[in-house]
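Input: a single structure, listed below in structure tokens.
Read the figures in this text as sums done on the coordinates, not as results from a lab. On a predicted model such as this, the values are computed, not experimentally measured, just so you know. Cβ placement follows ideal geometry from the backbone for every residue including glycine, while neighbour counts extend to all protein chains displayed.
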Number of protein chains: 2
Amino acid sequence: MRGRPREFDRDEALDRALDVFWDKGYGAAAIGDLTRAMGIGRQSLYDTFGDKHSLYLEALRRYAERRLVQARETFEAEGTPLENLRVFFAEWREEALDGTCGCMMVNSSTEVGAVDEAAARIVENTMRRLEDLLAELLERARTAGELTDLASPRALARLIVDAANGMSARSRMGLSADEVDDVLGALDAMLTVKARPAA
Amino acid sequence: MRGRPREFDRDEALDRALDVFWDKGYGAAAIGDLTRAMGIGRQSLYDTFGDKHSLYLEALRRYAERRLVQARETFEAEGTPLENLRVFFAEWREEALDGTCGCMMVNSSTEVGAVDEAAARIVENTMRRLEDLLAELLERARTAGELTDLASPRALARLIVDAANGMSARSRMGLSADEVDDVLGALDAMLTVKARPAA
DNA sequence: GTATTTTTGGAACGAGCGTTCTAGCATCCG
DNA sequence: CGGATGCTAGAACGCTCGTTCCAAAAATAC
């Protein structure tokens with residue numbers, strides 16, 4: 001007596017919804033846009049995901065988790081810490097040039113960050129965890145003698161996160177490869193420079 | 001036969017509207033919020049500013065112009081280029097710690113940047129001009145021998161703009177002084193470091 | 001078969017929005 | 001004074017949206 005089974009894949013539908021929210025934001029994504037992209041009917045959406053806000057939070061959590069997992073995998077791959085960081089930079093570069101949507105968490109923080117506490121907490125936690133992961137990686141780089149002593153690993157991690165988020169905001173207006181490479185090159189040079197011993 | 005004169009100051013009312021848009025964004029700022037903050041009636045708003053979108057663009061232009069003027073004044077003050085840049089950092093620090101709204105242009109770029117072309121153009125032009133001002137300042141710092149040769153003035157300017165915008169996005173979630181100082185300190189150390197001549 | 005569940009889609013509700021219209025009152029100029 | 005303009009406030013329009021209700025069809029389990 002289990003009745004008719006669901007015809008769509010829940011995770012797949014959630015991914016489609018994620019794409020819509022990522023592109024349009026929360027407010028501008030209408031239910032019609034969502035059901036069309038997800039390939040399901042209104043009632044199925046409400047039965048499966050509750051309401052629009054719940055669906056949004058679930059998509060945002062999914063996005064955040066995916067980002068953290070990717071960063072962790074990159075940071076814990078084989079290779080020196082600095083090499084892994086450069087892979088992270090390369091991934092960041094590709095996303096800045098390809099996608100025109102920016103980082104969904106940055107978008108969320110400015111759109112609903114002031115009103116939606118649940119979303120704000122997700123964004124805040126994720127950014128802090130990403131900062132922690134970066135700080136750990138830089139700590140290892142320092143131990144390995146790969147890192148500049150210009151600033152603490154924590155400070156450098158914070159600068160990198162801010163630069164990434166800032167570029168995400170700019171990526172909406174179309175970034176050239178030069179602009180991205182300038183920023184990444186400056187960061188790279190900074191991280192590896194050895195200060196002159198005596199002024 | 002000129003009739004009754006306007007009772008409110010147009011610029012002042014525009015500033016109040018700017019505050020509302022800055023705090024709530026475009027979509028979440030209702031006409032009622034605007035008229036209440038501006039201290040005028042609905043009809044006066046429409047007669048004076050056209051409609052909501054025109055008012056928003058005018059407020060955004062005002063904000064952008066104000067930011068550019070402030071940056072230019074800071075950069076062209078007495079003192080060495082690097083001293084002036086540090087004043088810029090101090091102003092940036094204060095805003096990141098005091099205001100919880102972030103930079104209005106960053107907020108605009110994520111909220112309406114995808115839909116509102118007029119707003120996107122304002123943001124884009126302003127950010128480019130700010131980058132240019134920073135690059136000129138850093139160029140002068142280089143000439144004066146104050147600047148690192150780790151990266152070009154243009155690249156450093158782009159990094160600074162991205163870091164500022166990224167911190168703006170984070171400021172919505174409440175930043176501690178440590179977090180801000182970490183980023184500013186790392187940037188400062190980077191800009192002034194002299195690379196070791198030989199490895 | 002029956003019972004149960006999911007599907008789809010139409011219809012409607014209710015709320016909020018930007019905007020316009022209207023009417024009445026206030027203030028200025030000539 | 002009269003004419004013109006600005007202010008206020010209420011009412012209404014039209015639109016979009018999220019959400020719910022409902023009914024009929026389809027697919028499973030017993």
Exercise. How far, in whole Å, is the nearest Cβ of chain B from the axis relating it by rotation to chain A, and which residue carries it?
Worked result: B:166, 2
Exercise. Classify the protein assembly as shown: rounded, prolate or oblate, from the alpha-carbon gyration tensor (a ≥ b ≥ c, eigenvalue square roots; a/c under 1.5 rounded; otherwise prolate if a/b is larger than b/c)?
Worked result: oblate
Problem set entry | Charge dipole (region A:1-152, unit charges on Cβ, about Cα centre) - positive-most of A:151, A:25, A:39 | A:39
Exercise. Does region A:1-90 classify as rounded, prolate or oblate by the C-alpha gyration tensor (a ≥ b ≥ c root eigenvalues; a/c under 1.5 gives rounded; else a/b over b/c gives prolate, otherwise oblate)?
Worked result: prolate
For this session: Mind checking B:100-111 for the average number of partner chain beta-carbons within 10 Å of each residue's beta-carbon?
Result: 5
Exercise. Rounded, prolate or oblate: which one fits region A:99-199, using the alpha carbon gyration tensor with axes a ≥ b ≥ c (rounded when a/c is under 1.5, else prolate when a/b beats b/c, else oblate)?
Worked result: oblate
Seminar exercise, completed: To the nearest 10 degrees, the tilt of helix B:177-192 (Cα long axis) against the first principal axis of the alpha carbons of chain B is 50
Exercise. So, in nm, how far is label residue A:46 from label residue B:15 when the simple model puts each one 7 Å beyond its Cα toward the Cβ?
Worked result: 4.8
Problem set entry | Average beta carbon contacts from partner chains per residue of B:177-187, 10 Å cutoff | 5
For this session: Using Cα positions and a limit of under 19 Å, work out the lysines in reach of residue B:52, with same-chain residues fewer than 8 apart set aside.
Result: B:24
Seminar exercise, completed: Toy charge model, Lys and Arg Cβ at +1, Asp and Glu Cβ at -1: the protein assembly as shown dipole around Cα centroid in debye, rounded to 20, equals 700
Problem set entry | Value of relative contact order over chain A, rounded to a whole percent, pairs C-alpha under 8 Å and six or more apart | 21
Problem set entry | Radius 13 Å from Cβ of residue A:33, net charge of other residues (Lys, Arg +1; Asp, Glu -1) | +3
Problem set entry | Calculated on alpha-carbon atoms, Rg and Dmax of region B:36-166 in Å | 17.4, 58
